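Q: The structure is given below, and queries will be raised subsequently.
The values are calculated or read from the model by the stated rules, or taken from the named source; none is laboratory data. Since this is a predicted model, take the numbers as computed values, not measurements. Cβ placement follows ideal geometry from the backbone for every residue including glycine, while neighbour counts extend to all protein chains displayed.
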Amino acid sequence: MNMTFVGMGYVGLVNSVILASYNHNIIGFDIDKEKISLLKQGVSTIEEPNLQTLLTEAQHNLRFTSNAKDAIRGSNVIVICVDTPQGKDGEPDLTHFYEVLDEIADNATQNCCIIIRSTVPVGTNRLTKKYLESKCNYRFQVISMPEFLSQGNAVKDTINPSRLVIGVTSPEAEIFAKSLAGIFVNKKVPLLVTTPETAELIKYASNSFLAMKISYINSISRLCDKVDADIDKVALGMSLDPRIGPSFLKAGVGYGGSCFPKDTNGLYWISDDNAVPLDLVKATITENDAQIKYFLDKITKRFKSLNNLKIAVFGVGFKGGTEDVRNSPAIPIVKYLLEKGAYINLYDPLAEENFHKVFSRHTHIAYLDYPQDALKNSDFVIILNDSDEFKKLTADFYIENMKRPIIFDGRNLYKVEDMKGTEYYSIGRPSLKKK
Ligand SMILES: NC(=O)c1ccc[n+]([C@@H]2O[C@H](COP(=O)([O-])OP(=O)(O)OC[C@H]3O[C@@H](n4cnc5c(N)ncnc54)[C@H](O)[C@@H]3O)[C@@H](O)[C@H]2O)c1
């Protein structure tokens, strides 16, 4: 079997490297020539724990190319892992996906199995088969295999996923897909074989459910602030019920990243397009926007004007441990602060480069190498992601390094009682106010 992965992003690169580490020969294809040049030199283009080590070890089983003909010709299994971003009105934008189908149709030299790992709207599997077979003379078996990895844990999640979902259209395809499953995961991983439509919907329904849990706990956190309850304890009390569980019940400034925002919008668009608009999904999206505004309101209640204030911002990656700033809550928050005339002292060693690409025209942002330098001379600090580095900081650290230790913690990283001596505002918990 000759296998090509198309799209060397988080999904495609991690999958390719792990399969190569299992001793499969893999071709990794991307149209981004710079990315391919680095990968050819054995340099990982994304930050994921253990990925660089595995890439180095498995390099002899990997061949990277930016040439479509070279990548497709001779392959009988092609795995599509390109981005499917949010388009107009939330509709998933399949431009790159269809570009790949054209690349396949133009360069295939035999019948092929196409595996779709990108997140695509319900119905895409069957449309893919029709599209490819209308454009060339080969036969295509199309298998949906949605990806569930989470950034920051991508290697672990790919080696040991919670489940493998496979969508197929015929019993023959099912037999083939089951043999393929053994290449991707070990036998202990639960395998669900179903129709393409069900597989496609499982992906959107899963991501939207997780996003909904976040929006739910965030909305409860706003009520906590009003009625003097403590969201951490409310979440703990809820999570002890095994039917609820603890995951995704941490209140904060809201979710971001390349998946939850686009997949909630995508699911709502799909539901609306099918005349079954899902109000709960719509509310999940609205609540997420409301939470950012709520956090900013806390700041503007404390500081009537932000003009000329210096603000330290910790953590602009959409979550801790990633360089990815796509749809990070930090983007609208920093934009707002700049509009109000503030100066930003930013600290995020992993994500600063990507953040700079978004804000390259702004001269009011300084990118600092150490947290102490960001805090020095700042009027207050806001914390926007849950990086392990920030979790370890103590009240004394802020007291020692700030003129006045005023902290807006958008991720509830610290226990309120541990922050005595600072002015400390978090989400859905009592504040420590200035005396
Ligand atoms: N990132 C995640 O955590 C995650 C998790 C599960 C599922 N997904 C889904 O997987 C898909 C890929 O996500 P990602 O985060 O890996 O994307 P990404 O943006 O990191 O990478 C996509 C890659 O595809 C390449 N590409 C685009 N058009 C191409 C073309 N025509 N030919 C060859 N290469 C092309 C891009 O250059 C890029 O390197 C998306 O549909 C996403 O929703 C992502």
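Q: Would you check which residues across segment 245-264 are in a helix (DSSP H, G or I) and not hydroxyl-bearing (Ser, Thr, Tyr) and list them?
A: Listed by number, the residues that qualify are PHE260, PRO261, LYS262, ASP263.
Q: Anything in segment 178-210 that is free of Cβ contacts under 8 Å to residues at least 40 places away in the same chain, farther than 15 Å from GLY266 by Cα and either among the aliphatic types (A, V, I, L, M) or assigned to a helix (DSSP H, G or I) (or both)? List them, or say none.
A: Once the filter is applied, which keeps residues that are free of Cβ contacts under 8 Å to residues at least 40 places away in the same chain, farther than 15 Å from GLY266 by Cα and either among the aliphatic types (A, V, I, L, M) or assigned to a helix (DSSP H, G or I) (or both), segment 178-210 yields LYS178, SER179, ALA181, GLY182, VAL185, VAL189, LEU191, LEU192, VAL193, THR198.
Q: Could you pull out the residue among THR124, THR95 that is within 30 Å of GLY257 (Cα to Cα), in contact with a helix residue (DSSP H, G or I) (Cβ under 8 Å, 6 or more places away or on another chain) and of a type in the set (S, T, N, Q)?
A: The conditions single out THR124.
Q: Could you grab me the full set of residues in segment 385-435 that are of a type in the set (Ser, Thr, Tyr) and farther than 24 Å from TYR294 by Cβ?
A: THR394, the sole residue that qualifies.
Q: Does segment 369-385 hold any residues that are crowded, with 19+ Cβ neighbours inside 10 Å and either out of contact with any Ser or Thr (no Cβ under 8 Å at 6 or more places or on another chain) or not hydrophobic (A, V, I, L, M, F, W, C) (or both), and which are they?
A: PRO371, ALA374, LEU375, SER378, PHE380, VAL381, ILE382, ILE383, ASN385 - these are the residues of segment 369-385 that are crowded, with 19+ Cβ neighbours inside 10 Å and either out of contact with any Ser or Thr (no Cβ under 8 Å at 6 or more places or on another chain) or not hydrophobic (A, V, I, L, M, F, W, C) (or both).
Q: Continuing with the same structure: Can you pull out the helices (runs of 4 or more DSSP H) entirely within segment 1-81 that have at least 3 residues that are more than 22 Å from LYS129 (Cα to Cα) and near the ligand (Cβ under 9 Å from one of its atoms)?
A: Passing ranges, in order: 10-21.
Q: Something else now. What pairs come out if I take residues in segment 82-103 that are farther than 21 Å from ASP273 by Cβ and modelled with pLDDT of 95 or more and pair them with residues that are within 9 Å of the ligand (Cβ to nearest atom) and hydroxyl-bearing (Ser, Thr, Tyr) whose C-beta lies under 6 Å away, six or more apart or interchain?
A: Within 6 Å, the pairs are VAL82/SER118.
Q: With the structure loaded, tell me whether SER44 is among the small types (Gly, Ala, Ser), within 17 Å of LEU149 (Cβ to Cβ), in contact with an Asp or Glu (Cβ under 7 Å, 6 or more places away or on another chain) and at pLDDT 95 or above or whether it fails that test.
A: no
Q: Of the residues SER215, SER206, which single one is within 14 Å of the ligand (Cβ to nearest atom), among the small types (Gly, Ala, Ser), outside the structural domain of THR109 (by TED's automatic domain parsing) and under 30 Å from SER387 (Cβ atoms)?
A: Sole residue among the options that is within 14 Å of the ligand (Cβ to nearest atom), among the small types (Gly, Ala, Ser), outside the structural domain of THR109 (by TED's automatic domain parsing) and under 30 Å from SER387 (Cβ atoms): SER206.
Q: Out of ASP379, ASP388, ASP369, report the one residue that is modelled with pLDDT of 95 or more, within 27 Å of ILE214 (Cβ to Cβ) and among the acidic types (Asp, Glu).
A: Result: ASP388 is the single residue among ASP379, ASP388, ASP369 that is modelled with pLDDT of 95 or more, within 27 Å of ILE214 (Cβ to Cβ) and among the acidic types (Asp, Glu).
Q: Filter segment 309-327 down to residues that are of a type in the set (A, V, I, L, M, F, W, C) and closer than 13 Å to VAL358 by Cα and give me whichever is nearest to the ligand (Cβ to nearest atom).
A: Within segment 309-327, the match that is nearest to the ligand (Cβ to nearest atom) is VAL325.
Q: With (1) within 15 Å of the ligand (Cβ to nearest atom); (2) closer than 21 Å to PRO92 by Cβ as the list, and THR195 as the residue in question, which single condition is left unmet?
A: Evaluating THR195 over (1) within 15 Å of the ligand (Cβ to nearest atom); (2) closer than 21 Å to PRO92 by Cβ leaves (1) as the failure.
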